[in-house]
Amino acid sequence: YEMVRSDWSSDVCSSDLIVAEQLRPLAKFAKSAREVATGNFDAALPEITTDDEMKDLHDSFAHMQGDLKNYIADLKDTTSAKEKIESELRIAREIQMGMIPKIFPPFPNLSQIDLYAMLEPAKEVGGDLYDFFMIDDNHLCFAIGDVSGKGVPASLFMAVTRTLLRSVAPNQTSPAYIVDKLNKALSSGNDSNMFVTFFIGIINTDSGIVKYTNAGHNPPVWISASGKVEFLPVTKDIPIGLFDDFQYQERELVLKSKDKLYLYTDGVTEAENASEVLYSEKKLINCLSIYLRSHPRELIQQVAMDVAVHVGDFPQSDDLTMLSIIYNGDKA
């Protein structure tokens, strides 16, 4: 019995040694795996001379090491390129935002009018624009636009549009003439078929007479001192940049003391929430009706807050741009 027991024990010990020897590479594989996890993708693997499952594991592990090295190298290149692009886009946004006026009140010595505007791009750069400046001592030009498309191409088209506006508008009191010049310039060589919806108004600060041309843009809202809140009539003029021979029309509106105009892009009325429900023109009119006595700055801030409440946590899908102007009456 003792002899049999001794032989059995010897066989067990021998079997254990064989199993331990066979499993020894696994411990080395585990050590290599821990090194790889720390970022050492050149960690040495145990040498396998047998042609069995251990050899398959060795080859699979070596293949994984190679793939990880290539992936990390590609990831570093991609991350570097992405950071460079993001940096360039940040600079582009700073340049773009630097083109639009942001000092309010803009004309502290001009008591007849006051205005406020805001532009919040949905991405690093966008295609919305607004602008305002004095043409002469008693004519203020104000404009808002929305370029088709998104991103860098739209921002470039926006910058060109704004630059052309500043070049054409001086000493001109006809918005139709200005839009016609912009249209001819932007239509020429426009192989990308981009366009911009555009509203421009020129107000006589002494009389309150506003001449305006709406080139396919959302109709502004007229907020009268008497409490009426309504959209200006929709016109048939098309966006600029499409057909260089299109003839634009201009219309006229007379503002009374404390009347306001509210201009916006479709990023306001088409702001979407998680349920794909748009903010809508109806909600815009309701909000403007509540705050119709507010100063342009507060009016725009209240609309922005109302849009934000409607959208909630849903990502902003389009640029958000607004401009409001109040006519305080003549100098007297």
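The values are calculated or read from the model by the stated rules, or taken from the named source; none is laboratory data. Quantities reported herein were computed from a predicted structural model and do not represent experimental measurements. Note: accessible area is taken over every heavy atom of the protein model, side chains too, but ligands, DNA and RNA are not part of it. Shrake-Rupley method; radii C 1.70, N 1.55, O 1.52, S 1.80 Å.
Per-structure values
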read-out: Mean separation of Cα contacts under 8 Å (6+ apart) over length of segment 98-240, as relative contact order %; value: 20
read-out: Hits among aspartates and glutamates - C-alpha to C-alpha of residue 55 under 14 Å, sequence gap 8 or more where chains match; value: 47
read-out: Solvent-accessible surface ranking, highest first, for 152, 309 at 1.4 angstrom; value: 309, 152
read-out: Alpha carbon convex hull of segment 232-305, volume per residue in cubic angstrom; value: 137
read-out: Radius of gyration, Dmax [segment 179-311; alpha carbons; angstrom]; value: 16.6, 48
read-out: Segment 127-171, relative contact order in percent, only Cα pairs under 8 angstrom and at least six apart counted; value: 41
read-out: Segment 286-301-segment 195-240 distance, computed between alpha-carbon centres (Å); value: 18
read-out: Set 184/282; 69/150; 181/283; 236/260; 181/260; 82/283 screened for pairs whose C-alpha atoms are more than 30 Å apart; value: 184/282; 69/150; 181/283; 82/283
read-out: Relative contact order (%) - segment 215-323, alpha-carbon pairs under 8 angstrom, separation at least six; value: 30
read-out: Accessible carbon and sulfur surface of segment 257-332 relative to its total accessible area, %, 1.4 Å; value: 50
read-out: Cα-Cα pairs of segment 73-174 separated by more than 22 Å (percent); value: 43
